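Colleague: Mind looking over this structure? Questions follow.
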Amino acid sequence: MNEITQGLAEAGRLIFSLDPDLLEIVALSLRVTLSAVVIASAIGLPLGAWLVVNRFRFRRHTIAVLNALMGLPPVVVGLVVYMLLSRAGPFGVLDLLFTPTAMIIAQVIIITPLIASISHQTIRDLWAEYHDLLISLSATRRQRIAALLWDGRRALLTAMLAGFGRGIGEVGAIMIVGGNIDHSTRVLTTAISLETGKGNFAFAMGLGFVLIALAVLVNLTIHSLSRTERASVW
Amino acid sequence: MNLKKTLAAVLAILVYGQIAMADDIRLAVTTSFHNSGLSDVLLPEIKADLDLEVKLLVVGTGQALRLGKAGDVDAILVHSRKAELAFLEGGFGTHRREIMFNDFVLIGPSADPAGIAGVKTAVEALQKIAGAKASFVSRGDDSGTHKKEAMLWQGVKGVGDVPTQGWYRAVGAGMGASLNTASGMNAYIMADRASWLKFGNKGDLTLLFSGDPVLFNQYAYLPVNPELHPHVKKELAVKLENWLAGPKAEKLISDYKIGGELLFTFNAK
Amino acid sequence: MLQSETAQKTVHNTILPLTLTGAIAKIRGKTIVGPINLTIGPQGFTIVMGPNGSGKTTLLRLMHGLQRISGGTVTCGLPDAQARVRQSYVFQTPIMMRRIVVDSIAYPLRLRGVDKKTARTKATDWAERVGLGHALDRPAPVLSGGEKQKLSLARALISGPDILFLDEPCANLDGRATREIETILRQAQAEGTRLVMATHDMGQARRLASDVVFMYGGCVHETGPATAFFSGPTTPQAAAFISGDIVE
Ligand SMILES: Nc1ncnc2c1ncn2[C@@H]1O[C@H](COP(=O)(O)OP(=O)(O)OP(=O)(O)O)[C@@H](O)[C@H]1O
Ligand SMILES: [Mg+2]
């Protein structure tokens with residue numbers, strides 16, 4: 001109990017003193033996860049829509065696999081990405097290991113199935129509603145996907161936020177491919193893990209509260225932005 | 001359109017964020033070295049003296065050696081003589097330079113149910129723990145600390161090469177995480193002195209045994225072989241080595257104390 | 001603009017006549033409609049009538065290619081996919097996209113590659129013609145039932161179709177709006193659009209029809225020119241339907 005209150009106090013101190021190390025870590029956390037969310041959305045949202053409007057032989061299987069990939073253990077993803085990016089691996093020459101880019105790659109792999117799967121479910125309902133109209137208007141496959149993504153954008157934002165949530169709180173993969181290097185690849189979660197390892201529970205808790213506050217802040221910002229975009233809600 | 005702008009901004013950050021400022025070098029070190037806090041003292045001085053940014057990868061010895069073998073780091077600083085020699089034999093490193101040593105200590109509940117406090121040797125202490133079937137937490141992560149511990153168990157009778165009984169808990173984690181586990185279970189554990197002194201969650205644990213020469217723990221610096229990995233920063237690795245073995249490092253290491261206790265003994269030649 | 005383009009269609013109407021030969025629609029093995037033999041000639045205003053569940057909607061969807069055909073053929077001057085581009089359809093239950101009115105009406109033009117500005121200008125035109133000029137910026141899903149039907153009509157007409165299928169487009173409209181819509185439909189007909197409309201409104205049918213298709217039990221029960229149908233139906237079911245009796 002005592003440690004939790006200490007953690008809260010520590011979080012308050014960190015935030016209000018605008019600790020430069022903390023700001024750096026927070027900025028990198030945001031940079032990595034937001035980039036990953038944007039890239040994963042660029043892949044996952046059209047993929048989700050594509051799976052809705054296309055009938056092909058292994059569609060059900062593909063969707064089942066996608067849903068299963070939502071539970072992909074980050075550590076495994078991290079290990080695979082590590083082996084790919086390692087100097088001894090196929091993409092070693094790119095020299096991406098232990099850089100934020102490597103962390104983004106790992107998170108994209110973790111988040112994309114989640115975003116694709118959630119958006120697939122959302123878009124399926126919208127497609128049921130639009131189906132006859134879009135067929136009647138002879139919309140091409142690409143146009144159908146575009147219409148579903150655009151008109152479903154509010155609901156799809158939720159899918160993206162879910163992806164953000166999974167990314168910002170993820171530690172297993174980015175620890176391996178990022179290396180938790182101070183001033184270089186240290187993010188909130190890896191810092192928490194490090195401080196816990198040192199037995200600095202109050203400090204770790206403080207960082208944890210900062211992480212939660214950050215996640216809440218991002219969610220609130222996105223929601224308020226998307227609501228003011230159009231005056232009325234439908 | 002809004003999305004495009006966001007995308008462009010993100011890409012810009014991605015690209016520009018990547019540009020490094022000064023020279024940098026990747027050094028894989030063990031958790032125990034980092035947890036001691038010594039790196040926080042040395043790194044800023046290195047930056048000031050050599051204008052060299054040392055990017056520390058804090059991992060277990062096993063992983064550090066793997067990173068070196070794969071050429072993912074430029075040099076390693078570890079403490080497991082046998083594994084280091086095998087590393088050199090495999091041609092993965094150019095040479096091995098001893099820098100400093102610290103020692104391992106045995107930690108346990110203050111009540112000391114196994115009664116290891118007064119014994120003469122480390123093996124004897126472990127024998128008592130085995131005899132009392134007292135809970136013992138092992139790193140179990142193939143780290144230098146773990147390797148040293150496993151070596152000591154080989155001298156203990158009645159447990160085989162490495163204990164497999166229920167009281168022996170191999171947690172497969174770093175020093176800090178293992179200490180946390182030991183603290184939670186109120187169990188015995190072997191730790192390096194630095195990590196123990198710096199550890200913030202001691203609970204009922206206390207230092208019970210130390211001083212056996214077998215517990216000395218030599219740290220060595222091994223640059224990765226540039227013949228195997230042409231991309232490694234050979235000159236920077238040498239520069240760093242000379243600094244670590246030099247007089248400035250000697251003074252900083254010899255002055256580094258926690259609670260009045262000396263953590264490392266500089267012995268570079 | 002649109003009017004002059006469509007006016008010429010009377011001459012080069014390659015897609016008509018539309019012919020159904022033994023066309024059958026089955027859903028889960030059960031025949032819903034058919035077999036149907038019917039020809040939609042090059043000109044006119046066909047009214048599809050019949051009691052609830054007699055298969056009017058299914059017939060229209062068959063002709064438009066929305067309902068998969070399980071037997072027989074539906075043919076017109078062009079292959080299926082190309083034919084549909086030149087047809088429009090007003091659904092019995094309006095489908096509203098999550099967009100504002102003007103963008104909803106402009107959507108078919110946008111699909112055809114018309115730039116946003118031109119499409120919006122034309123959509124504004126059409127919105128005013130169907131009486132939605134005051135609601136251009138309103139989200140389509142919040143419109144009233146009647147307004148939604150007006151939007152559907154504008155959206156169907158904006159692309160200047162060769163054939164327009166309408167499934168009870170005036171079901172929710174008040175008397176005045178119904179008349180306004182009828183004027184628009186007549187105008188479209190004059191400009192060369194072939195109209196096929198299902199309705200339950202006997203007065204409307206008499207006002208607009210050039211010929212009538214009477215559906216009963218999933219089949220075309222009776223068909224012919226409007227005047228003949230209304231003055232002397234040949235089947236007792238059609239007679240009863242016209243006089244407002246219950247058709248068993
Ligand atoms: N998807 C479906 N599954 C099962 N039955 C269906 C389906 N679609 C239509 N039917 C049935 O086919 C018959 C004809 O339906 P249709 O919608 O064509 O009738 P309608 O003449 O348009 O009726 P209404 O005047 O009520 O609009 C009805 O009995 C209906 O229940
Ligand atoms: Mg109907």
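The values are calculated or read from the model by the stated rules, or taken from the named source; none is laboratory data. All values reported here derive from a predicted model rather than from experimental measurement. FYI the Cβ positions are ideal-geometry reconstructions off the backbone, even for glycines, and counts take in every protein chain you see. All accessible areas refer to the heavy atoms of the entire protein, side chains included, with ligands and DNA or RNA removed. Shrake-Rupley method; radii C 1.70, N 1.55, O 1.52, S 1.80 Å.
Colleague: Determine the relative contact order of chain C: mean sequence separation of Cα pairs under 8 Å and six or more apart, normalised by residue count, in whole percent.
Modeller: Rounded, it is 27 percent for chain C.
Colleague: Answer rounded, prolate or oblate for the stretch B:103-215, using the Cα gyration tensor with square roots of eigenvalues a ≥ b ≥ c: rounded when a/c is under 1.5, else prolate when a/b is larger than b/c, else oblate.
Modeller: It comes out rounded by the Cα gyration axes.
Colleague: Separate question: Threshold 40 Å², probe 1.4 Å: give the residues of the stretch A:134-149, in number order, that are less accessible with all protein chains present than with their chain alone.
Modeller: A:ILE135, A:SER136, A:LEU137, A:SER138, A:GLN143
Colleague: Taking only protein heavy atoms and a 1.4 Å probe, what accessible area per residue, in Å², does chain C have with all protein chains in place?
Modeller: 43 Å²
Colleague: Given a 1.4 angstrom probe, I'd like the percentage of the accessible area of the protein assembly as shown that is carbon and sulfur, rounded to a whole number.
Modeller: After summing per-atom areas, the C and S share lands at 59 percent.
Colleague: Roughly how tilted is helix C:101-111, in degrees to the nearest 10 and between 0 and 90, from the longest Cα axis of chain C?
Modeller: Tilt of helix C:101-111: around 80 degrees.
Colleague: Quick one: grab the alpha carbon gyration tensor of the protein assembly as shown, order the square roots of its eigenvalues as a ≥ b ≥ c, and give me rounded if a/c is under 1.5, else prolate or oblate depending on whether a/b is larger than b/c.
Modeller: Verdict is prolate for the protein assembly as shown.
Colleague: What ³J(HN,Hα) values, in whole Hz, does the Karplus curve 6.51 cos²θ - 1.76 cosθ + 1.60 give for the stretch A:48-59 when θ = phi - 60°, with x put for Gly and Pro?
Modeller: x, 5, 4, 5, 6, 8, 9, 9, 9, 4, 9, 4
Colleague: Would you compute, from DSSP H runs of 4+ residues alone, the mean residue ellipticity of chain C at 222 nm, taking -39500 (n - 2.57) per run and dividing by the full residue count, rounded to the nearest 500?
Modeller: It comes out at -11000 deg cm²/dmol, rounded to the nearest 500.
Colleague: Per residue, what accessible area does chain B have, given a 1.4 Å probe and all protein chains present, in Å²?
Modeller: Result: 43 Å² per residue.
Colleague: Using a Gaussian network model of chain C with C-alpha springs under 10 Å, which one of C:ARG28, C:ARG110, C:ARG186 is most mobile by mean-square fluctuation?
Modeller: Looking only at C:ARG28, C:ARG110, C:ARG186, the biggest GNM fluctuation is shown by C:ARG28.
Colleague: On to the next question. Measure up B:LYS157/B:LYS269; C:LYS116/C:LYS148; C:LYS117/C:LYS150; B:LYS128/B:LYS251; B:LYS202/B:LYS248 against 30 Å on the Cα-Cα distance and list the ones that go over.
Modeller: B:LYS157/B:LYS269; B:LYS128/B:LYS251; B:LYS202/B:LYS248, as the Cα separations exceed 30 Å there.
Colleague: Helix by helix through chain B, keep the DSSP H runs that span 20 Å or more along the axis on Cα and average at least 1.0 on Kyte-Doolittle, and give those back in order.
Modeller: TM-like helix candidates: B:2-16.
Colleague: Might you tell me the accessible area per residue for chain A, computed with a 1.4 Å probe and given in Å²?
Modeller: About 45 Å² of surface per residue is accessible.
Colleague: Right, something else. How would chain B be classified by its alpha-carbon gyration tensor: rounded, prolate or oblate, with rounded meaning a/c under 1.5 and the a/b versus b/c comparison settling the rest?
Modeller: Prolate.
Colleague: In the stretch B:204-239, which residues give up 40 Å² or more of accessible area once the other protein chains are added, compared with their chain alone (1.4 Å probe)?
Modeller: For the stretch B:204-239, once contacts with the other chains are taken into account, B:HIS231 lose 40 Å² or more.
Colleague: Any idea what the relative contact order of the stretch B:103-215 is, in percent, if you count C-alpha pairs under 8 Å spaced at least 6 apart?
Modeller: 46 percent
Colleague: Give the angle, between 0 and 90 degrees and rounded to the nearest 10, that separates the Cα long axis of helix C:145-157 from the longest principal axis of the Cα atoms of chain C.
Modeller: The angle comes out near 80 degrees.
Colleague: Just give the residues from the stretch B:70-101 buried by at least 50 square angstrom of accessible area in the all-chains context relative to the isolated chain, probe 1.4 Å, and say none if nothing qualifies.
Modeller: B:ASP72
Colleague: Any idea what the relative contact order of chain A is, in percent, if you count C-alpha pairs under 8 Å spaced at least 6 apart?
Modeller: 33 percent
Colleague: Also: Could you derive backbone 3J(HN,Hα) for the stretch B:94-105 from the dihedral phi with the Karplus parameters 6.51, -1.76 and 1.60 (θ = phi - 60°), listing whole Hz in sequence and x where the residue is Gly or Pro?
Modeller: Ordered by residue, 3J(HN,Hα) equals 7, 6, 10, 10, 6, 10, 6, 9, 10, 9, 8, 9 Hz.
Colleague: Please determine, in degrees from 0 to 90 and to the nearest 10, the orientation of helix C:175-190 with respect to the longest principal axis defined by the Cα atoms of chain C, where the helix direction is its Cα long axis.
Modeller: That helix lies at roughly 90 degrees to the long axis.
Colleague: Nearest 500 deg cm²/dmol is fine: what mean residue ellipticity at 222 nm does chain B get from its DSSP H runs of n ≥ 4 alone, each adding -39,500 (n - 2.57), divided by its residue count?
Modeller: -12000 deg cm²/dmol
Colleague: Note the buried accessible area between B and A here, summed over both chains, with a 1.4 Å probe, in Å² to the nearest 100.
Modeller: So the buried area, both faces added, is about 2200 Å².
Colleague: Exactly which trypsin sites (Lys or Arg not before Pro) in the stretch A:148-207 are in a DSSP loop and have at most 10 other Cβ atoms within 10 Å?
Modeller: Sites meeting the loop and neighbour criteria: none at all.
Colleague: Pick out, in residue order, every one of the trypsin sites (Lys or Arg not before Pro) in the stretch B:92-132 that is DSSP loop and has at most 12 other C-beta atoms within 10 Å; say none if there are none.
Modeller: Here the trypsin sites (Lys or Arg not before Pro) that fit, given the DSSP loop and packing criteria, are B:LYS120.
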